[in-house]
1. Search the stretch 172-217 for residues being touching a helix residue (DSSP H, G or I) at 6+ places or on another chain (Cβ under 8 Å) and of a type in the set (Val, Ile, Thr), and hand back the single one that is surrounded by the most Cβ atoms within 10 Å (Cβ to Cβ).
2. When the residues of the stretch 324-368 are narrowed to those that are of a type in the set (S, T, N, Q), open to solvent by 30 Å² or more (accessible area, probe 1.4 Å) and more than 27 Å from Asn223 (Cα to Cα), which ends up modelled with the highest pLDDT?
3. Applying the selection to the stretch 19-39, what residues are outside any strand (DSSP E or B), touching a strand residue (DSSP E or B) at 6+ places or on another chain (Cβ under 8 Å) and not polar (S, T, N, Q)?
4. Within the stretch 102-121, which residues are touching a residue at least 24 places away in the same chain (Cβ under 8 Å), crowded, with 24+ Cβ neighbours inside 10 Å and under 17 Å from the mean Cα position of the chain (by Cα)?
5. Six or more apart or on different chains, Cβ atoms under 9 Å: show the pairs whose first residue is in the stretch 54-79 and open to solvent by less than 50 Å² (accessible area, probe 1.4 Å) and whose second is of a type in the set (Phe, Trp, Tyr) and modelled with pLDDT of 95 or more.
6. Identify, please: which residue in the stretch 144-166 is open to solvent by 10 Å² or more (accessible area, probe 1.4 Å) and hydroxyl-bearing (Ser, Thr, Tyr) and is, among those, nearest to Val232 (Cα to Cα)?
7. Can you name the residue in the stretch 1-28 that is aliphatic (A, V, I, L, M) and closer than 21 Å to Asp206 by Cβ and, of all such residues, is most open to solvent (accessible area, probe 1.4 Å)?
8. Return the total of residues in the stretch 29-39 being within 20 Å of Thr143 (Cα to Cα) and open to solvent by 20 Å² or more (accessible area, probe 1.4 Å).
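The values are calculated or read from the model by the stated rules, or taken from the named source; none is laboratory data. Nothing here was measured: the structure is a model prediction, and the numbers come from that model. As a convention, Cβ positions derive from the backbone with ideal geometry for all residues, glycine included, and neighbour counts pool all protein chains shown. Just so you know, the surface numbers come from the protein's heavy atoms only, side chains and all, with ligands and any DNA or RNA stripped out. Shrake-Rupley method; radii C 1.70, N 1.55, O 1.52, S 1.80 Å.
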Amino acid sequence: MRCPSVKTRLTSLLQCEYPIVLPGMSWVSTAPLVAAVSNAGGVGILATGPLNSDQTRSAIRQIRKMAPDKPFGVGATLLMPGAKANAQVALEEQVPLINVSLGKADWVADAAHSYGGKVLATVTNAKHAQSSLDAGADALMCTGHEAAAHGGDVTSLVLIRALASRFPDVPLVAAGGFADGRSLSAALMLGADAVAMGSRFAVTEDSPLAEDVKKVVAVPDLNGGATESDTVYGKNFDGIYARVLKTPASIRLNKRPAPLPAVVYRAFKSAQSMGIPLWKVLPGLMTQWDKMYAVAQFGAATEALQAATVDGILDDKGVQFIGQSQGLIKDVPTVDTLVQRIMYEAKDAVSENSKRFGEDMMLGDVDACT
């Protein structure tokens, strides 16, 4: 029997059944996985980083065919080459949710709001959150230190509570360290309205993540598996502080930044493979060197990321974004099975804690504590 729908500010905002979000992960959050999460009652967000505008439009239309009338989103890391064009496509297609990060997004919010769309801004601290709200964001995805890829300096335990206190009227999606029902219930208790579970959804039957990587992550033991401790966090790999699976390649590539000529060459090569003209990359390198050097480093890292995510190569050259929540991942279920399990686990966790506090506390009787 399916778990009854849950009402939070986020589920009301996006008209979904459950407060669970698939964040955009390059080469993983593809149209089929996005549709699977939305069909299961959550909200899937399409990763557009590896896509050009034509591919983005095609993927959006594929999602609509696979998940008719279900809410879904499109991600846009605005600092990256091609991201603004992909965001424009999403707006033209009137996608229900636009997830923005690393860039000024007031124009996105204005356009989305004109057709009833919503904007979810990814942030790592209160300053980012305030800027995003000033630019018109409707909700915030708060990414803690535990997260895969580019989490912030502050752990989710503190970040979620701090932002919920500072912005009490804003729906929050907690990201970083969430992979089961108990962590969902904990996030709701901290003041979040939903959770994003990137690493957990990546390791499902519906995910295109390489099977060899799934097998490694789904064995969270001390004898060759991927535990919560088996990650590397640093900025030398792709230019921005990021968390990746601990492998020989990730350890080596995080020791020191790649040489400048290699970074620029591989960045141009990556842009070329994505169909991004070099004239779109060169002006940024010349006028916004600090930002665009970081972008170039990220582009240069795509070869290693694809080697792991797409080809399953982890030993010598592959680097896989993964969160500390990999220590909670023990199987490879279907998305629908996973979502139902998470919701029932969360329901049981809430009930269990209510019993611990007693009936008076369940009714909100403060005098019971005195």
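1. Val195
2. Filtering the stretch 324-368 for residues that are of a type in the set (S, T, N, Q), open to solvent by 30 Å² or more (accessible area, probe 1.4 Å) and more than 27 Å from Asn223 (Cα to Cα), the one modelled with the highest pLDDT comes out as Thr337.
3. Pro19, Pro23, Gly24, Met25, Ala31, Leu33, Val34, Ala35, Ala36, Val37
4. Leu120
5. From the stretch 54-79, the pairs are Ile60/Phe72; Ile63/Phe72.
6. Restricting to residues being open to solvent by 10 Å² or more (accessible area, probe 1.4 Å) and hydroxyl-bearing (Ser, Thr, Tyr), the top hit is Thr155.
7. Quick first cut of the stretch 1-28, residues aliphatic (A, V, I, L, M) only: 1, 6, 10, 13-14, 20-22, 25, 28.
Filter again for closer than 21 Å to Asp206 by Cβ, leaving 14, 20-22, 25, 28.
Values: Leu14: 22, Ile20: 2, Val21: 4, Leu22: 0, Met25: 40, Val28: 6 Å².
Applying the filter and picking the extreme gives Met25.
8. Final tally of qualifying residues: 0.
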